[in-house]
Each structure stands twice: as C-alpha cells, then as structure tokens.
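Colleague: Sharing a structure with you now.
The values are calculated or read from the model by the stated rules, or taken from the named source; none is laboratory data. Bear in mind the structure is a predicted one, so any value in this text is a computation, not a measurement. For neighbour counting, all protein chains shown are included, and Cβ atoms are generated from backbone atoms with ideal geometry for every residue, glycine included. Each accessible area value is taken on the protein alone, full model and side chains, heavy atoms only, with ligands, DNA and RNA left out. Shrake-Rupley method; radii C 1.70, N 1.55, O 1.52, S 1.80 Å.
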Amino acid sequence: MKTFLPAFCLLIGCFSGSAQSPSQVCPLNNNFSFKSLTHWFAYTGNNVAGNDSNDIKQRYDSSVGPPSGTLGATTIYEYNLPSTPGIQVLNANSIDPYGNFSTVPNINGYKYTNTLLLGSTAITRSGGGGGGGYVRGVKYRINVPPGDFPGQPYTMTYAYAMVLENGTHNSNDQPLFSATLLVGKDTIKCASPGYFLPTLNNANPRDAGATLDSALAKSEGFSPSRKASPNANPNGQGAGASEHLFDVWYKPWTEVTFDLGPYRGQQVVLTFETDNCVPGGHFAYSYIALRNTCGGLDISGPQSACIGSTLEYSIPGLTGANYQWTVPPGWTIVGSTDSSVLKVNVVDLPSGGTVAVTEQNSCAILNATLPVTTVPPTVAGAVSADNEVCTGINDSKLVLGGNVGDVLRWISTTDGTHYDSISNTTPSLDATNLTTTTRYYAVVQNGESCKIDTATGAKITVDPQTVGGSLSPANFLFCLNQDKDALLKLTGQVGLPVNWQSSPDGSAWTDFAPTYTDSSYEIPAALSTNTFYRAVLQSGVCPPKVSAPAAVTIVQTPFPQATSEPADTLICYNTKATLNATITIGTSYSWTNAGSLSGIGNGTPSPLPYSMQATAFPLTTTKYVLSVENAGCPNLRRDTFKVRVLPPILVDAGNDTAVVVDQPLQLHATSNDTTTPGGDQFKWTPSLGLDNPNIADPLGIYSAEMDSIRYFVTATSKYGCIGTAQILVKVFKTGPDIFVPSAFTPGGATNNRFRPIPVGIKTLQYFKVYNRWGQLMYSTTRVGDGWDGRQNGQPLPSGTYVWVVQGITFNNKLSYHKGTVVLVR
C-alpha cells in the first residue's frame, strides 16, 4: 500500500451551514457535490518499481486550479497520456460496459448524486523502460470536529465499485483498488481495505501464469464479465499475443462506513487509489461515491413496510465487522443476521415497531434504529367508466375506484402494445379531444415497499365523423314494372345506415316506414312516378349525415319479363343439363357461354310467349346468363343459370397381375370421389372367381380351367356419377415360382428392363444383379421394378451379368433362384 507525500490541501473548519449540529456536518465537497475535485488532492504516476511512494510522478495540488491543481477541475489525465482521462467526476448516470451496473448508484433507497471514476482501461508494456502500470489517487484531509458528548460517532460512508483485469500475477502485483485512512503517520487498518483478484501466488519467473482463486474472488463479490479485454494478451507468445482475453472481473456497488468519533479534534487523511498491475499490462478502474451524512449510522430501507412482502434493510459495512439485527415481533428474518444486509418477511404491526442493528469491528461500535410501520398490499382497483365519443372535440371523465394505494401515474394505449405515460397522480383523469380509440389504466402503489400494480382499465371508443357518401347509380332510368336489377348502392360512406328517405322533388323528404337499415335498396316494381332517394347514416355517437341523393326517372316502356329454371343444377362430369326459359315480354334475347349450349334459338322471341329448352354440356362449372331486351327500355333483364360440374370419377383397380391355381387374390378398387359419405358403390364384372362382386375388395380364387380373366370395375357416387377401370389376371398352371428372363435390351421398344416375374409369390425379399467381378449393379424388393442396364446413371456395356432372386410363396415357402442374363445393346 502506498504512503502519502505532504503536499496537499488542508481543509480546516469547512462545514456546511445546515441545521444539523456542526459536530456532525460533513466537510465541503467531500461527496463531489461541487461537481469537481475542489478540496481534493490528486496524483497520477507509474508503479514500475512496485507500489511505493517513489513511483508517484505527477501531483495536483488542491489549492490551485488546472492544469497543476484541482480547484474546479473535473478531469485529470493518465500519467503521460494527455488524451486518456484517469480521474473524472461523473454527474450523469450511465451503465458500466463490463459490469452492467449504474455508474451513479442508488443503494437500497439512498440515491448518490456524484461519482468519481478512478482509472481507465489504458495499460503499459514492460521492456524498453516502459514497464509499470498506471497509478491514480485522490486524498482529502478531514479536520474531525469536536463532539457534543463523549463517544459521539462521526461517520464517513462511501460506496465503491470496480473493474479489474486478472493479470495472473502473484496477488501483491495484481490490479487493485484501495482505501486508506491515516491519523498522522499511522494507518487505521480497520478502515483501510485493499481489493484485488486473489491468486494462488504460483506465478512463473516472468511473474505470469498465477492461478486465479476464483472461488475466493466470487466469495468477495467479484463476477466475471462477459466482455473481453480491450487490450491484447500481454502474456501471449507469437501469434497468440494478439488475442483478447475474457478475463475481466467486476464487483458492483458496495457501501463501507468508518467512524472517526475516536479522533475528535484531530486531522485524518482519506485516500482512494486505483493501480494497474505492477508489470503494467492489465488494467484497473473503480468508482467511488460518498454520502453527505456524517452523523452516525443510518439504516437504508422502507419505513413503510408492506404486509406479506420480503424486504431488504442495509447499512454501510465496516471492514471486518460483525453485525447483529433485531426486528419487530412477528417479523421473520431470512438468512443470517451477521451481515450488513438483512432480508425480512413482514407481518402486520398494529402498534408499529423498530428495526435495529449493531455493527462492530476493532475500530468502532455503531448502532442504528429505524422506526417502521406496516401497510396492506396494493390493490389496484378498476377505472370507470367505458365511454364512446365522436372524434374531435370530446371529453371523458375517468375515475379510479376500489384501490388501496396511491396513483403513481396513468398510462394509455391505442394498440395494446405501446403505452404512453401520463403525469397525473390523482384518482381521476379527463381524457379530452381523442381521435383514436384508447384504453386508460391507473398505476397504483400502496407505500414505498408494496408492489406496483395496474388497475383494470377503461376503454374510450372513438368513432370517426359520419360521412354520408353517395348512391350508385346517381341517375337511374326505371322501366315500368321493373322487378329486378334496379339496385341503389351506398358508396364512400363512413358509418351505418339508420334509415332511408324518399322525395318526389329532391326537396321534401319522407323517412321509410318501417325503418330500413341496409346499405343497398331495390327499387320496387310498382314505382310509377319519378322519385329521389337518399340514405341517412350515423357513425357511432357522431352526428348523422345524409348521402348524396339518387334520381330515379320512369321510362314508359315495360321491363322485359321472363321465367327461368332451374337456377342451380348439379351434373356429373361429361353429362348434360336442361335449362328452361319462357319470355313473355321482350323483343330480343342472347346467351353467354353459348359455345357449350344447344337449342337456344335465333335470338328473336317470336311468337310470345316464347319458350326454350336449352341443353348445356360444360366440362367445368359454368354460369349461363339469358339477357332479354324490350325495345324502348334501356335495361336488360338478366337471368342466371349456374351449372355445377362434379369432377370426373377416376377409379384404380390395381396393376395387372398373375396368380397360380388356387392362389387367393385380393383385389382392391379405389376412386377419387369425395362426395359420397362412406365411399362409392363398386361392382365387378364378370363375377367369375369372385366371392362378392359388389364390394371394392373382393377375393378371387382360380381353377386350372382358366388361363386369364379381365375384370371391369365400376364406381357409382351418390349422385349417380360413374367411373370405370380394368385389371388383367393371368393364371399359371405351375406351382408358385419366380420366373426370370435370360436377356434384355435397354433402350429398346420392348423387353427394355430386366425384372423378375413372381407368380404365387407373397413377398419379394430381394432381386439383385452383379457384374462378373461380383460388384452389385442393381437391387430391389418391389414387384414390378426392374433394371435399366445402368449404374449411377451411366449405361453399362453388353455382356453377361449374374442375378439372384428370393421370395416367399403364398403358402409360406421359400423360392430361390440364381442365373445369368445377357445385356444386349
């Protein structure tokens, strides 16, 4: 540990003017509240010869300003590195990149405001006179004020966090952070800890390779960082020297306190220092924050304790101290009481209680108490009430009820994913001038220690402004007695129709009675005078609007008249449908899709009434439209016939096959039809040899009198649609066997594949072909498959090849043969 030089600031009698007793007031800027290093002495240097005072090279006096002093200074740079900060006062919080902790701490409810960053990731390299690590330190001389009574504590509390790179050196050469308290020339050891990554002190002669005592490091609060060192491995050899190691460790914020009460009226010196490793190739930096309270020990934690919760109370630790806590009756302590941090399970305290602690080391005995009360858990309640408003100028009052706890804020969302915070801590909220449907929630907490909860929300539905739109067509010529295709449709509207209106002149309007709320209106056939129509619309609670009107003008010519049937017909594939129509008023007519119609006449309905019986023969579902015109009426009468065509029924009876006499043959027919529940009806012809020709899976057995038979199978759907297939069965008079041809011609018109012919064989176990050197050319177990004379896609030459085949007969006997085949090209 380093000693100190005598040149630094003397701060005598500099205390703040608060109402607190002067004997308990902290020195000025001891917590960097000036946002600078004022009143602090600083130094930077190099520890090439080890950690002693001779290695400090640059000093910054507290009595002058920059560049040689600390008055008003916020940054001091590393020794001989004018662009790398080595000592910095931090006023804004951020996240440390290695430890992922806040750089300005909030420890169990106590919020520090300023932090000192001591050190950096800068390193040096040994050799060439450049060895030794960077050293940075700050000091403060404290004149401890006289006390008000004997034994009165005067405490200083600081929090520290650090990031240290493991140098794999013996422990006394590792990167370190230290705090030192001197009274005169004497070190107060119990208030002067040093922190470093411990090793087993087994470094090699190059002072490298020492084993990290990771278990001890973790027990002291260190954790390994997931971020690699920014510097290349200083202990690497050759190509390995450029690697970046994952061997950086961090210790998050920890509070420490010490009591200067025994030194009333004396002067003490507090020093913080952060050093790289002594060889210089591994970095260290630390954060230091100080409290601005010096009046004794304070317990941090909630005074308002939430019933049923687990809470934490803490005090700044004394180095090497023992702790003893007491809690109110009924509260349960979780874990040990011998720690600066205490966890408790909270129960109700009808008359209140106290959390108390005593901490003691060789320097001090400190006591603290904290009165506590209990509160019930948070009940978020519910927001009332849902409302519906029109976009634009609107106002909805929301009120929280049924809650236990205070409103921290309100939140709102328009999509259920993204939420906006509203700075309102009252139980009511006015939601005004909304343009989008929004949900509102109150965020509630009952006291500082209870959980925060969100109330059941209320929904304000915002309706868009009504838009009346228009009617299409805007001008309609209506023939006498027009009984179809006289439809007015709403377009471009926002909102729903609440009624329609009619007018003889477009000025005086009459509501429909009864109310009509459809978005289209069929003009009645009985209409005989010119009429205007319009729709009345409303969007939610917004004011109603009317559509632009449509004018209907009467044409004094009858509308064409005809009857037609059927409107919808279902037919089987490749069959016909009959379409019937009779025209009673009309001068001409025409058909669509006439290419698949017959019997449609010449387009002139004469004489009237004129009847047609057209025949439709589509192969796919088709709509046929009969259009009838009556000269003088501008509107056609269109009647539609829909002919739906079922898919063709495709039947599969299986592949042609061969059997031996008395071998049972299981036939199996299938169809692609999905319209018939339970499947189609099947019929096999002829029925010779079949046990049941009227099922899909009959069993056939054949006598010696039969050489072959060809079956036809018909599948019939529930609609009477049919499909057919056939299968040829050859009957061999031999016993069950496997026949193999003696030659084949790949690429020829016939006999172009070499395959076995199993007869009476239940299972083909294998069929294999080899060349004359015994190499496998082809193999299969599937009946019907065969060799095409190739290997790996390449044609093989003409010649003789060896084959073997084996199968199991229908009566479970083995059939095995081998032989040769001639490949002819």
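Colleague: Can you tally the net charge around Thr621? Count Lys and Arg as +1, Asp and Glu as -1, for every other residue whose Cβ sits under 11 Å from the Cβ of Thr621. Kindly include the intermediate steps, with their values, before the conclusion.
Modeller: Details: positive: Lys623, Lys642, Arg644; negative: Asp568.
Its environment carries a net charge of +2.
Colleague: Any chance you could get the radius of gyration and Dmax over the Cα atoms of segment 422-519, in Å?
Modeller: Considering segment 422-519 through its Cα atoms, Rg and Dmax are 24.9, 83 Å.
Colleague: Once you charge only the Cβ atoms, +1 for Lys and Arg and -1 for Asp and Glu, what is the size of the charge dipole of the chain about its Cα centre, to the nearest 20 debye?
Modeller: On the way: 49 positive and 55 negative charges, 459 e Å.
Roughly 2200 debye for the chain.
Colleague: Moving on to the next point. Roughly how much of Glu388 is accessible, in Å² to the nearest 10, using a 1.4 Å probe?
Modeller: For Glu388, solvent-accessible area is about 80 Å².
Colleague: To continue, here is another question. What is the gain in length, in nm to one decimal, between Lys484 and Ser708 on full extension, counting 0.36 nm per residue of separation less the C-alpha to C-alpha distance?
Modeller: Working: separation 224, 0.36 × 224 = 80.64 nm, distance 6.54 nm.
Extra length from Lys484 to Ser708 when fully extended: 74.1 nm.
Colleague: Counting pairs of Cα atoms in segment 69-152, how many percent are more than 21 Å apart? Mind showing how you got there, number by number?
Modeller: Values: 1812 of 3486 pairs.
Considering segment 69-152, 52 percent of its Cα-Cα pairs are separated by more than 21 Å.
Colleague: May I ask you to work out the translational diffusion coefficient for the chain at 37 °C, viscosity 0.692 mPa s, via Stokes-Einstein with Rh from the Kirkwood sum over Cα pairs, reported in whole µm²/s?
Modeller: Values: Rh = 39.5 Å.
For these conditions, the coefficient is 83 µm²/s.
Colleague: Subtract the Cα-Cα distance of Leu200 and Thr620 from 0.36 nm times their separation in residues, and report this length gain in nm to one decimal. Before the final figure, lay out each step's value.
Modeller: Values: separation 420, 0.36 × 420 = 151.20 nm, distance 8.81 nm.
Extra length available between Leu200 and Thr620 comes to 142.4 nm.
Colleague: Let me ask you something else. In Å³ and rounded to a whole number, note down the convex hull volume per residue for the Cα atoms of segment 324-380. Each step should come with its number before you reach the end.
Modeller: Details: hull volume 5.3 nm³, N = 57.
In segment 324-380, the Cα convex hull volume per residue is 93 Å³.
Colleague: Can you list which of the chymotrypsin sites (Phe, Trp or Tyr not before Pro) found in segment 70-153 are DSSP loop residues with at most 16 other C-beta atoms within 10 Å? It would help to have the intermediate numbers written out before the result.
Modeller: Working: sites: Tyr77, Tyr79, Tyr98, Phe101, Tyr110, Tyr112, Tyr134, Tyr140; in loops: Tyr79, Tyr98, Phe101, Tyr112.
Listed in order of number, the matching sites are Phe101.
Colleague: While we're here: Name the shape class, rounded, prolate or oblate, that the alpha-carbon gyration tensor gives for segment 672-748, where a ≥ b ≥ c are the square roots of its eigenvalues, rounded holds for a/c under 1.5, and otherwise prolate holds if a/b is larger than b/c and oblate otherwise.
Modeller: Values: a/c = 3.27, a/b = 1.72, b/c = 1.90.
Note, shape of segment 672-748 comes out oblate.
Colleague: Using the Cα atoms as the points, what is the convex hull volume per residue of segment 699-813 in Å³? Numbers along the way, then the final one.
Modeller: Working: hull volume 20.5 nm³, N = 115.
Residue-normalised Cα hull volume stands at 179 Å³.
Colleague: Also, quick follow-up: Where does segment 586-744 land on Rg(C-alpha)/(2.2 N^0.38 Å)? Numbers along the way, then the final one.
Modeller: On the way: Rg = 26.6 Å, N = 159, 2.2 N^0.38 = 15.1 Å.
So segment 586-744 has a normalised radius of gyration of 1.76.
Colleague: Around Gly447, which amide H atoms from residues at least 5 apart in sequence, or from another chain, sit under 5 Å from its own amide H, with H modelled in the peptide plane?
Modeller: Amide H to amide H, under 5 Å and 5 or more residues apart or across chains, Gly447 pairs with Asp406.
Colleague: Using θ = phi - 60° and the Karplus relation 6.51 cos²θ - 1.76 cosθ + 1.60, list the HN-Hα couplings for segment 597-602 in order, rounded to whole Hz, with x at every Gly or Pro.
Modeller: Whole-Hz 3J(HN,Hα) from phi for segment 597-602: 10, 9, x, 9, x, 10.
Colleague: Using θ = phi - 60° and the Karplus form 6.51 cos²θ - 1.76 cosθ + 1.60, what ³J(HN,Hα) does each residue of segment 542-558 get, whole Hz, x for Gly and Pro?
Modeller: Per-residue couplings from phi come out as 6, x, x, 9, 10, 7, 5, x, 10, 9, 10, 10, 7, 9, 7, 10, x Hz.
Colleague: Roll a 1.4 angstrom probe over the protein heavy atoms and tell me the percent of accessible area of segment 681-807 that is carbon or sulfur.
Modeller: The C+S portion of the solvent-accessible surface of segment 681-807 is 51 percent.
Colleague: At 1.4 Å probe size, with the rest of the protein present, what percent of the exposed accessible area of segment 575-671 is carbon and sulfur atoms? Before the final figure, lay out the partial values.
Modeller: Values: 2350 of 4700 Å².
Taking all protein chains in place, segment 575-671 shows 50 percent carbon and sulfur surface.
Colleague: Which net charge results for the neighbourhood of Thr432, defined as the other residues with beta-carbon distances under 11 angstrom from its beta-carbon, given Lys and Arg at +1 and Asp and Glu at -1?
Modeller: Details: positive: Lys397; negative: Asp395, Asp430.
Around Thr432, the surrounding residues sum to -1.
Colleague: Around Cys277, what is the net charge, scoring Lys/Arg as +1 and Asp/Glu as -1 over all other residues with Cβ under 11 Å from its Cβ? Walk me through the numbers on the way to the answer.
Modeller: Numbers: positive: none; negative: Glu165, Asp173, Asp207, Asp275.
Residues close to Cys277 contribute a combined charge of -4.
Colleague: If you don't mind, another one. Mind checking the log10 I(q)/I(0) for segment 648-707 at q = 0.21 Å⁻¹? Debye, one equal scatterer per Cα, no solvent, two decimals.
Modeller: -0.86
Colleague: Let me ask another. Can you tell which of Leu480, Thr378, Thr640 lies farthest toward the positive end of the dipole of the chain, using +1 and -1 charges on the Cβ of basic and acidic side chains (Lys, Arg; Asp, Glu)?
Modeller: Positive-end residue among those listed: Thr640.
Colleague: Quickly estimate the mean residue ellipticity at 222 nm for the chain, helices only: each DSSP H run with n ≥ 4 gives -39500 (n - 2.57), and the total goes over all residues, rounded to 500. Display every interim value, and only then the final one.
Modeller: Values: 1 runs with 6 residues, N = 825.
Theoretical 222 nm ellipticity from helices: 0 deg cm²/dmol.
Colleague: Right, here's the next one. Report the equivalent ellipsoid semi-axes for segment 147-221 in whole Å, largest first, defined as the square roots of five times the eigenvalues of the gyration tensor built from alpha carbon atoms.
Modeller: Numbers: eigenvalues 230, 39, 18 Å².
Each semi-axis is the square root of five times an eigenvalue, giving 34, 14, 10 Å.
Colleague: If you don't mind, another one. Going toward the positive end of the dipole of the chain, with +1 on Lys and Arg Cβ and -1 on Asp and Glu Cβ, which of Tyr766, Ala42, Tyr516 do you reach last?
Modeller: Tyr766
Colleague: Taking R0 as 45 Å, what's the FRET efficiency between Ile393 and Asn93 from their Cβ-Cβ distance, rounded to 0.05? Please report the intermediate quantities before stating the final value.
Modeller: On the way: r = 42 Å, r/R0 = 0.94.
Rounded to the nearest 0.05, the efficiency is 0.60.
Colleague: Expressed as a whole percentage, what fraction of the accessible surface of segment 77-123 belongs to carbon and sulfur atoms when a 1.4 Å probe is rolled over the protein heavy atoms?
Modeller: Values: 1050 of 2110 Å².
Ligands and nucleic acids excluded, carbon and sulfur give 50 percent.
Colleague: Would you mind getting the accessible area per residue of the chain, heavy atoms of the protein chains only, 1.4 Å probe, in Å²? Before the final figure, lay out each step's value.
Modeller: Details: 38770 Å² over 825 residues.
Roughly 47 Å² per residue, with all protein chains present.
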